[in-house]
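The block underneath contains the structure these notes are about, expressed in structure tokens.
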Amino acid sequence: MSVQRPRIVCQFSCGAASAVATKLALAQYSATHDVQIINAFLANEHKDNRRFLLDCQEWFGQEVVQLRDEKYGADIIQIFRRERFMKGRNGAPCTKLLKRRLLDAWKQPGDVMVFGYTMEEVDRLEDFRERNPDRPVIAPLIDSGLGKEDCKALIMRAGIELPYMYLKGYDNANCIGCVKGGEGYYRAIREDFPEQFEELCKVQDELGPGSYLHRNRTTNERFSLRDLGDGPIRRNEKIPSCSFFCEIAEHEIADQIILRNR
Ligand code: SF4
């Protein structure tokens, strides 16, 4: 009778950090564990993310399992229209419905998750472990002392071109117009990707002020992307990479707050 090996699950988000974390996890665990690599397809990422995925797949020497939402066409715009909000107190509906839900259906008890947290994110890892003592996670980049820039350099040294969004100066390869972005980031999106920017403006036109992402610093009133004024453009604004797992953390924190308040 064959004994099932424990699963180590790497979530590959088409970013440099998750690519290097996956490579390290494979090197460390593939002899003793069943290492799985999963990715959630998102229609709103730059299409070069798929090229990067295929290049990395070759580098890993193993298939990246691509999960794809069917209900919303894997499309954040459909999520916003149908769920009627873009970002709430418990996080963004897009990552929950297009990533976390897929992972929930796919995961198995006993899975050990691989976090692509970098040295800059040691606090996030500690925080997660403190809040989820029964959830085994490993963070190979932190164990190896690697930061974001190290990951980019390692990818380039492997002969793989970084995703287009990085080459353009962005800090990650998230969706074009990620709802976690600030004003400077959206000015950059308006300049570089006017079509996608306009699509988000139209969603906000339809949904109204409840969907607005930014606030006026003087009046504290929310304003729409259409009313975003001129100012600094920040392609490299620090926005967390969008992963299955950061959303789990956010969600569980929110669940604990709800339970405490009952
Ligand atoms: S990258 Fe941003 S917009 Fe895309 S699913 Fe994640 S949080 Fe939503």
message: Quick check on Lys152: is it among the basic types (Lys, Arg) and in contact with a Cys (Cβ under 9 Å, 6 or more places away or on another chain)?
response: no
- prompt: Which residues, counting only those in region 23-48, are within 16 Å of the ligand (Cβ to nearest atom) and β-branched (Val, Ile, Thr)?
  reply: Ile38
message: With the requirement that a residue be within 23 Å of Asn90 (Cβ to Cβ) and within 14 Å of the chain's Cα centre (by Cα), what does region 170-198 give you?
response: Asn172, Asn174, Cys175, Gly177, Cys178, Val179, Lys180, Gly181
field: Residues that are part of a helix (DSSP H, G or I), touching a residue at least 60 places away in the same chain (Cβ under 8 Å) and among the acidic types (Asp, Glu), drawn from region 98-137
entry: Asp127
message: Filter region 147-177 down to the residues that are small (Gly, Ala, Ser), at pLDDT 95 or above and within 14 Å of the ligand (Cβ to nearest atom) and list them by number.
response: Gly177
query: For region 151-205, which residues satisfy the criterion of being in contact (Cβ under 8 Å) with a residue 60 or more places away in the chain, closer than 30 Å to Pro140 by Cβ and in a helix (DSSP H, G or I)?
result: Cys151, Lys152, Leu154, Ile155, Tyr164, Met165, Tyr166
query: Assuming Lys180 fulfils every condition listed in (1) at pLDDT 95 or above; (2) crowded, with 16+ Cβ neighbours inside 10 Å apart from one, which condition is it?
result: (1)
- line: Checked against (1) surrounded by fewer than 20 Cβ atoms within 10 Å (Cβ to Cβ); (2) of a type outside the set (Gly, Ala, Ser); (3) closer than 30 Å to Phe223 by Cα, Glu63 satisfies every condition except (3)
message: I'd like to know if region 94-110 contains one or more residues that are small (Gly, Ala, Ser) and either away from the ligand (no atom under 16 Å from the Cβ) or touching a Cys at 6+ places or on another chain (Cβ under 8 Å) (or both).
response: yes
message: Among the residues in region 193-216, are any touching a His at 6+ places or on another chain (Cβ under 9 Å), over 30 Å from Arg7 (Cβ atoms) and either surrounded by 17 or more Cβ atoms within 10 Å (Cβ to Cβ) or modelled with pLDDT of 95 or more (or both)?
response: yes
Output for region 85-117, where each listed residue is over 14 Å from the mean Cα position of the chain (by Cα) and among the small types (Gly, Ala, Ser): Gly88, Ala105, Gly110
- prompt: What are the residues in region 164-197 that are touching a Leu at 6+ places or on another chain (Cβ under 9 Å) and farther than 12 Å from Ser241 by Cα, if any?
  reply: Gly177, Gly182, Glu183, Tyr186, Arg187, Ile189, Arg190, Phe197
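The values are calculated or read from the model by the stated rules, or taken from the named source; none is laboratory data. Just so you know, these numbers come straight off a predicted model, no measurement behind them. Because the Cβ atoms are built from the backbone with ideal geometry, glycine has one as well, and the counts that use them run over all protein chains shown.
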